[in-house]
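Structure first, commentary second.
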Amino acid sequence: MSELKKKINYTVVCVNEFARKFHITEKKAFTYLYDHKGIEFLKEHYDIEHTLSLDDAVEDLTIVCRNNGGKY
C-alpha cells in the first residue's frame, strides 16, 4: 500500500473515531477537524500519531482543535 493511501486511511479512521467519541456525524467531524486544524495536525504528525492508540490520537486531536477555537 502506498504511503499516501496509508495516511488517507488513517485520517479516515481518526475522523470516524472522533465522530463516535463526540456523537456527531462523520461529515460534521471532518468539517470540525478541518476548520480547527485537526486534519492539518494529522498530516504533519502522521509519523508519530499512527504509532499511538486511537484513543490517544483522538485526545491529541481534541487538544489541537480546542487550541484553535474548537468546543469539543
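Any read-out appearing in this document is the output of simple, stated calculations on the displayed coordinates, not a laboratory observation. Small disclaimer: the values here were computed from a predicted structure and weren't measured. No Cβ is skipped: glycine too gets one built from the backbone with ideal geometry, and neighbour counts run over all protein chains shown.
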Checklist line | Selected from Y10, H45, A57, residue furthest toward positive end of dipole (segment 3-67; charges at beta carbon) | finding: Y10
Item checked: Cβ-placed point charges (K, R +1; D, E -1), dipole of the chain about Cα centre in debye, nearest 20 -> 340
Checklist line | For the chain, convex hull volume per residue from C-alpha positions, Å³ | finding: 77
Note to self: Using 0.36 nm times the number of residues separating V12 and D35, minus their current alpha carbon distance, what extension gain do you get?
What the structure shows: 6.7 nm
Notebook entry, point to check: Taking the Cβ-Cβ separation of S53 and L4 as r and a Förster radius of 22 Å, what is the calculated FRET efficiency to the nearest 0.05?
Noted result: 0.45
